[in-house]
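The structure appears below as structure tokens.
The values are calculated or read from the model by the stated rules, or taken from the named source; none is laboratory data. All values reported here derive from a predicted model rather than from experimental measurement. All Cβ positions, glycine included, derive from the backbone under ideal geometry; neighbour counts span all protein chains shown. Only protein heavy atoms, including side chains, enter the accessible area calculation; ligands, DNA and RNA are left aside. Shrake-Rupley method; radii C 1.70, N 1.55, O 1.52, S 1.80 Å.
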Amino acid sequence: MIKSLKYFDVKNRKVMIRVDFNVPMDGERVMDDFRLRAAVPTIMDCLQQGASVILVSHLGRPQGKPDNSFSLVPVGETLADLLELPIKFSDDCVSQDARDVSLGLKPGEIHLLENTRFHPGEENNDPNFSALLAKHAQIYINDAFGTSHRAHASNTGVAKLTPQKGIGHLMEKEIHFLKGIMSKPEKPFTIILGGAKLKTKVELIKRFLFEADTLLIGGGMVFTFLKAQGKEIGKSLVDDSMIPVAKEIIGLAHQRKVKLMLPVDIVCATAAKEGAKTSVHSSRELPKTKMGLDIGPGTMDRFRDEIVKSKTIIWNGPMGVFEVPGFEKGTMSVADAMADAAETGSITVVGGGDSASAINDFGLIHKMSHVSTGGGASLQLLSGKTLPALEVLEV
Ligand code: AMP
């Protein structure tokens with residue numbers, strides 16, 4: 001079993017929480033505090049129970065050496081504002097000074113350690129580095145869902161060395177929605193997939209072709225399916241190596257009586273640029289000189305109809321190039337339909353990554369049952385695979 005926070009008596013104990021503070025930065029400021037807010041319930045619960053808390057995270061890819069542009073200092077400042085509490089900070093996560101600060105922490109105090117990836121031992125999962133990290137605390141809680149598909153020192157190495165280990169509230173919620181609910185979804189069950197890369201979502205599609213009633217496909221991956229059906233896709237994104245897989249998926253959906261819906265119309269332009277002249281075309285034949293960049297209005301209506309009549313909906317990947325104004329409408333319309341479905345009691349789950357940031361941009365996070373904090377990790381869990389950082393927490 002994996003223990004959740006409620007199994008631990010954390011009073012007067014030092015608790016290391018592996019958080020996922022890998023947030024978008026503009027150099028000096030946190031641009032999106034979604035992941036910081038998601039970590040608050042576990043931190044507050046520990047503090048309120050009289051623990052001292054040591055927070056551990058990575059940020060970006062500093063290549064195993066200190067680099068100020070990846071410092072967690074601005075993250076600590078934003079978190080201190082969110083918690084309305086002071087936070088002690090150490091500029092080296094495994095120095096003697098940092099360990100002394102942890103040792104001297106009083107109940108209710110927080111100590112944030114600098115980016116673990118400033119040391120090569122983090123990504124190499126070096127046991128010596130893990131051993132130094134483990135010295136900070138007696139109890140190890142992993143709440144960093146976004147990195148749980150990786151086996152690094154701060155999420156698997158330390159856990160192996162700490163007998164008292166478990167998961168925090170965020171990790172529990174992620175597992176509940178992405179594994180628990182999805183293994184027994186209330187029907188009708190709809191999956192919406194988009195984004196650019198079909199390759200990264202094939203396993204997920206194949207798994208859910210056993211359970212889903214409807215599969216809606218949008219985004220750049222659509223054109224691989226349309227080409228597999230022999231349609232003209234103009235200059236749209238396509239992965240020719242995945243055409244046989246697209247054909248297989250179409251065949252499997254037919255066999256298992258899953259309603260596979262591809263767009264009936266597509267918004268096209270000559271480039272994915274703001275202000276580009278757009279036109280809507282039937283997906284049966286796109287103009288040879290243009291590329292498909294969003295689902296069209298007819299598709300939006302059809303997708304909405306399916307979404308609002310579903311009881312469980314999971315969505316991963318934008319419907320178009322939503323980052324560019326003019327091509328965000330399809331993604332927005334799916335997000336709106338999901339918010340409406342949630343309002344009438346349906347379970348709506350958004351996988352992490354681009355669809356989560358789209359939902360955030362549209363201000364709809366709080367309307368969903370759950371928006372995952374992890375992109376790769378949510379895909380892996382939804383595909384029915386285990387996550388290394390969770391496996392080591394089994395006791
Ligand atoms: P993924 O990481 O596979 O989920 O892909 C996300 C990316 O897909 C986003 O950056 C979108 O801009 C991109 N995308 C969505 N629709 C299209 C499209 N029609 N053509 C090209 N890229 C797209």
Mind jotting down the distance between the C-alpha centroids of region 68-88 and region 111-152, whole Å? 18
Residues meeting the amide H criterion for residue 167 (H placed from the backbone, H to H distance under 5 Å, 5 or more places apart or on another chain) are 3, 4, 5, 142
Check the straight Cα-Cα distances from residue 160 and name the aspartates and glutamates below 18 Å, setting aside those fewer than 8 residues away within the same chain. 122, 123, 126, 143, 391, 394
Hz values of 3J(HN,Hα) by residue in region 356-372 - Karplus curve (6.51, -1.76, 1.60), Gly and Pro given as x: 5, 6, 5, 4, 5, 4, 7, x, 10, 3, 6, 8, 8, 5, 7, 10, 5
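Subtract the Cα-Cα distance of residue 301 and residue 241 from 0.36 nm times their separation in residues, and report this length gain in nm to one decimal. Don't skip to the end; give the middle numbers.
On the way: separation 60, 0.36 × 60 = 21.60 nm, distance 3.11 nm.
Here the answer is 18.5 nm.
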Provide the packing ranking of 217-226, 385-394, 282-291, i.e. peptides ordered by the mean count of other C-beta atoms within 10 Å per residue, highest first. 217-226, 385-394, 282-291
Quick one: what are the phi-derived ³J(HN,Hα) couplings along region 18-32, Karplus 6.51/-1.76/1.60 with θ = phi - 60°, whole Hz, x for glycine and proline? 7, 9, 10, 9, 7, 10, x, 10, 10, x, 10, 10, 6, 8, 8
The long-range amide H neighbours of residue 371, using H built 1.01 Å from N in the peptide plane and a cut-off of under 5 Å, are 350
Out of the DSSP beta bridges found with both residues in the chain, what percent are antiparallel (nearest 5)? 20
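Counting only heavy atoms of protein chains, what accessible area per residue, in Å², does the chain have with a probe of 1.4 Å?
Numbers: 16770 Å² over 395 residues.
That works out to 42 Å² for each residue.
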Would you list the P(r) distribution for region 313-373, with all Cα-Cα distances sorted into 5 Å bins from 0 and each bin expressed as a whole %? 4, 22, 35, 24, 11, 3, 0
Add +1 for every Lys or Arg and -1 for every Asp or Glu among the other residues with Cβ under 12 Å from the Cβ of residue 276, and state the total. +1
Which whole-Hz ³J(HN,Hα) couplings does region 313-327 yield from phi under the Karplus relation 6.51 cos²θ - 1.76 cosθ + 1.60, θ = phi - 60°, glycine and proline marked x? 9, 10, 10, 9, x, x, 7, x, 7, 5, 6, 9, x, x, 10
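Output the pairs from 201/290; 65/199; 235/329 with a Cα-Cα distance over 23 Å in this structure; if there are none, say none. Before the final figure, lay out the partial values.
On the way: 201/290 26 Å; 65/199 32 Å; 235/329 21 Å.
With Cα atoms farther than 23 Å apart: 201/290; 65/199.
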At 1.4 Å probe size, with the rest of the protein present, what percent of the exposed accessible area of the chain is carbon and sulfur atoms? 51
Taking only Cα atoms, what is the 0 to 90° angle, nearest 10, from helix 297-308's long axis to the longest principal axis of the chain? 60
On a straight-distance basis, which aspartates and glutamates could pair with residue 247 in a cross-link, Cα separation under 17 angstrom, same-chain partners fewer than 8 positions away excluded? 203, 232, 239
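When a/c is below 1.5 the answer is rounded, else prolate if a/b is larger than b/c, else oblate, so apply that to region 5-170 with a ≥ b ≥ c taken from the square roots of the Cα gyration tensor eigenvalues. Walk me through the numbers before you get to the answer.
Details: a/c = 1.39, a/b = 1.11, b/c = 1.26.
Note, shape of region 5-170 comes out rounded.
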At what distance in nm do the modelled label points of residue 31 and residue 309 sit from each other, each positioned 7 Å from its Cα along Cα→Cβ? 4.0
Can you compute the modelled spin-label distance between residue 84 and residue 343, with each label point 7 Å from Cα toward Cβ, in nm? 3.1
